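Colleague: Let me begin by handing over the structure; questions about it come next.
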Amino acid sequence: MITKLNNLIIYASRHAWLFLLATIVTFGCLFAVFGPLGKAFDELTAGQQMFDFQNSLTTEQITEQLPVYTEAAKQVYYAFSFADFFFPFFAALFLASIAAFSLRHLAPGAYAWVTERRLWPVLMIGAAFDWLENIFALTVVSAAPEATPLAATLLVIAKKAKLAAVMVAQLLGWGLLLLAILKWLAARVGFLKAAS
């Protein structure tokens, strides 16, 4: 499984069609799905956000917010959750592909080292925690307005783990891309100077 995922990330970093697919699904979910569903949920709950959009969520807040999950609000949340099982994978693939592409051009030796040890999937750990968050959130929402303390606690833990893992992936992905661009620009400037 790890090897297949590692190979998929490398493939996506080398083939524009798969990277483009990951990009479309990622940003398509954000703007075309999550935005409208978030607005619909907001209107049904007098301004309350879904659990997934509250990064500082606590178990106490979950309990306090359970009454807003009426049957109509639950239906919106279920539609959101369906899309949110695809989004984490493609978003993680998008970032991991950027990191692999960038490191390959920035430091080929380091890229080979990471690739040989099949470490690229580490950048997708956030997706696994996101799926766990979704499962626990669905458990909580399905039982609302009844409280489910264990599921609420696990939801908060999964959310915090997801946020930490995604932050690391974003820092590495965008950081490596910036360094690769700077290296490319430096090479171009050096070439222009040599030519003049």
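Values in this text are rule-based calculations from the coordinates and carry no lab data. Every value quoted in this text rests on a predicted model; they were computed, and no experiment measured them. For neighbour counting, all protein chains shown are included, and Cβ atoms are generated from backbone atoms with ideal geometry for every residue, glycine included.
Colleague: Among the residues that make up region 87-100, is at least one of them at negative phi and not in a helix (DSSP H, G or I)? Break it down stepwise before answering.
Modeller: Of all residues in region 87-100, those at negative phi come to 87-100.
From what's left, not in a helix (DSSP H, G or I): none.
So far as region 87-100 goes, no, none of its residues is at negative phi and not in a helix (DSSP H, G or I).
Colleague: Can you name the condition, by its number, that SER142 falls short on among (1) within 26 Å of LYS4 (Cβ to Cβ); (2) hydroxyl-bearing (Ser, Thr, Tyr); (3) in contact (Cβ under 8 Å) with a residue 60 or more places away in the chain?
Modeller: (1)
Colleague: Being touching a helix residue (DSSP H, G or I) at 6+ places or on another chain (Cβ under 6 Å) and closer than 22 Å to ALA73 by Cβ is the filter; apply it to region 16-47 and report the residue that is surrounded by the most Cβ atoms within 10 Å (Cβ to Cβ).
Modeller: Selected residue: PHE41.
Colleague: In addition: Conditions: (1) closer than 25 Å to ALA180 by Cα; (2) over 22 Å from the mean Cα position of the chain (by Cα); (3) small (Gly, Ala, Ser). ALA91 meets all but one. Number of the miss?
Modeller: (2)
Colleague: Additional query: Give the residue, chosen from ALA110, ALA127, that is within 26 Å of GLN170 (Cβ to Cβ) and either outside any helix (DSSP H, G or I) or touching a Leu at 6+ places or on another chain (Cβ under 7 Å) (or both).
Modeller: Unique residue meeting the criteria: ALA110.
Colleague: Among the residues of region 66-77, count how many are assigned to a helix (DSSP H, G or I) and touching a residue at least 12 places away in the same chain (Cβ under 8 Å).
Modeller: Qualifying residue count, region 66-77: 8.
Colleague: Here's a follow-up. So is ARG104 crowded, with 16+ Cβ neighbours inside 10 Å, basic (Lys, Arg), on the phi > 0 side of the Ramachandran plot and touching a residue at least 60 places away in the same chain (Cβ under 8 Å) or not?
Modeller: Answer is no for this residue.
Colleague: With the requirement that a residue be surrounded by fewer than 12 Cβ atoms within 10 Å (Cβ to Cβ), among the basic types (Lys, Arg) and touching a residue at least 24 places away in the same chain (Cβ under 8 Å), what does region 145-193 give you?
Modeller: none
Colleague: Do we have any residue at all in region 131-140 that's within 17 Å of PHE87 (Cα to Cα), of a type in the set (Gly, Ala, Ser) and part of a helix (DSSP H, G or I)?
Modeller: Yes, the conditions are met somewhere in region 131-140.
Colleague: Can you tell me which residues in region 48-65 are part of a helix (DSSP H, G or I) and surrounded by fewer than 17 Cβ atoms within 10 Å (Cβ to Cβ)?
Modeller: Matches in region 48-65: PHE53, GLU60, GLN61, THR63, GLU64.
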